[in-house]
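The values are calculated or read from the model by the stated rules, or taken from the named source; none is laboratory data. Given the structure is predicted, the values throughout are model-derived calculations rather than measurements. All Cβ positions, glycine included, derive from the backbone under ideal geometry; neighbour counts span all protein chains shown. The protein model used for the area step is the full one, side chains on, heavy atoms only, and it has no ligands, DNA or RNA in it. Shrake-Rupley method; radii C 1.70, N 1.55, O 1.52, S 1.80 Å.
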Amino acid sequence: MKKYVTKIIDKNCFFLSIILFVVFLPLSQAMVSICAGIMLFVAFIEDNWHNKFKRLKINCALFTFPAIYIIYLVSSIISNKFSASLYDLQKSLFFLVLPLAFILGKRISSQQKKYVFYVFIFSVFVSTIITFLNWKLYDNPETFSIHKASLISHIRFSFQLILSFWFVFMLLLKNVRKLINWQRLLLLAGATYFLAFLIFQQSLTGLIALTGSIVFFVLLLLFLVSKRIRAFLFILTIVLVTVPVVYVTHVARKFYDIESVDKSSIEKKTARGNLYNHDFNNPMVENGRYVFLYLCQDEVREEWDKVSEIKYDSMGLNGYPVSSTLIRYLTSKGLRKDAEGVRSLSKQDVLNVNNGIANEIYAGAKLSLYPRIYQTIWEYYIYSKTGNANQKSFSQRIEYAKAAICIIKQHLWFGVGTGNWKEEFRKTYAKNNPKLKEEFYGSSHNQYLNYMVKFGIIGFFAILFFILYPVFKTGRYSDHLFLVFLVFLFFANFADSNFESHMGSSFFVFFYCIFICGGTNYLQIPCRKQP
């Protein structure tokens, strides 16, 4: 065993520093930064400079990534607001540190590259177990509390789950004939596990990225398989695109099947003879029913305080008033907001309301996407009716994108610079949507719009060139796992500015460098010869 480990390491301390990095990638944001520094330090001190210069010539294509950091640096100098730019310079530091480490460090062989992925996948698996235990053992009343259970951002963790899924799946696909039955079952179980956990985690950004990568992979296979299979794959592509669209359309139609109300004939009094308060001007709905119809606050308060330790007029565990959560929950169950409605609640219903669950849908199956899609549609519906995007993730992103497009139109070619974008967004929000509270101001949550806001069209295309050039220069576009990696991040960047987040940039830059500098085409799907 000792000889085997020694052979794998092959006197390559830089390889060991890479292993250390991937161990902590799904586990600790702080340790990722420390390990990146260790990688660069080891790359500098290990081996002689004669060999380093040789590797520098071989890996020179990777110098485009430090060039991206230079764009940030030059922009901060030109904007003349270095202190305001410091935040962006810190977040983009991985574009400088990691490529330099891979350029100077010892080469990673195909065998070592394989073990980097093995360790990474094992670490991701361990992180899923910890995340699940956090979610089960610690009391978090939020509806999608799994989002806060992971050790890193749930969005960035979803990318690690996607890469793990694809690595295991392609490993199975490439070696299916060489493996014995239990090995096939093990790999299939692993791919299924990562896929299931991604769905369980309910990250829409991750699910969009996964869907885009699956469609791309099936299209890729069209060029690699025999003609007999192409018709099947073509139909499969259509199904993969159509099914999600049809399902989301179904959920949306069901949501917008809202009850019709006759103001003249609606009941005025409760069973106890108290008056209902009917607010016909409030558009809020739950499961197709208006929330602020058939409401008698006094009766609801009296009955609720009898069955719950968390009183009606207090704040709930999720930071929202219990009263609003209860009223929405009663509506979702088709109950009137009166004494009879509260009495109809089960013990589980009371517990759900106390935990901040505002709709019985959210208490449903954890592997169902319906609650997450419903919530997104609900947010958009409220936003479209009221213009209020506060505390609504999807609606806020719409406002962020609108503001970004407005800024881009005014600073088309060179952008506003890294030191000015926060102030430009603030002024745009204040002008375009005064309803949006300042505490919810943010960037566009779209990587491409963010680049254009800061660096304009010219800067955006420069960065795009710097990212794509090494792929074509080194010929690594023939590595199918690398292509899938690039594609799912391409889709993910429409929903978030991942390359300007700590864990997003570290994940992207690290694996990009592994694919460019590591052993060649480890998971290239073999092409079937045409008859």
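Tabulated values for the structure
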read-out	value
Residues being touching a residue at least 40 places away in the same chain (Cβ under 8 Å), under 16 Å from F488 (Cα atoms) and open to solvent by less than 70 Å² (accessible area, probe 1.4 Å) - total across the range 190-216	14
Counted residues, the range 320-345 - those being open to solvent by less than 50 Å² (accessible area, probe 1.4 Å) and part of a loop (DSSP other than H, G, I, E, B)	4
Residue ID - least open to solvent (accessible area, probe 1.4 Å), chosen from residues in the range 82-107 that are under 17 Å from P470 (Cα atoms) and of a type outside the set (A, V, I, L, M, F, W, C)	P99
Residue list for the range 379-402, restricted to those being in a helix (DSSP H, G or I), of a type outside the set (S, T, N, Q) and over 18 Å from A495 (Cβ atoms)	Y381, I382, K385
Any hit, the range 285-292, residues being open to solvent by 80 Å² or more (accessible area, probe 1.4 Å) and either in contact with a strand residue (DSSP E or B) (Cβ under 6 Å, 6 or more places away or on another chain) or on the phi > 0 side of the Ramachandran plot (or both)	no
When residues of the range 452-507 are limited to those that are of a type in the set (S, T, Y) and open to solvent by 10 Å² or more (accessible area, probe 1.4 Å), the one nearest to the chain's Cα centre (by Cα)	S497
Test: residue in the range 217-240 that is hydroxyl-bearing (S, T, Y) and either touching a Ser or Thr at 6+ places or on another chain (Cβ under 9 Å) or open to solvent by 50 Å² or more (accessible area, probe 1.4 Å) (or both)	no
Subset of the range 108-118 (residues that are of a type in the set (S, T, N, Q) and open to solvent by less than 20 Å² (accessible area, probe 1.4 Å))	Q112
Verdict on I516 being at pLDDT below 95, in a helix (DSSP H, G or I) and either surrounded by 21 or more Cβ atoms within 10 Å (Cβ to Cβ) or of a type in the set (A, V, I, L, M) (or both)	yes
Residue satisfying all of: in the range 58-81; over 20 Å from G518 (Cβ atoms) and among the aliphatic types (A, V, I, L, M); least open to solvent (accessible area, probe 1.4 Å) among these	I68
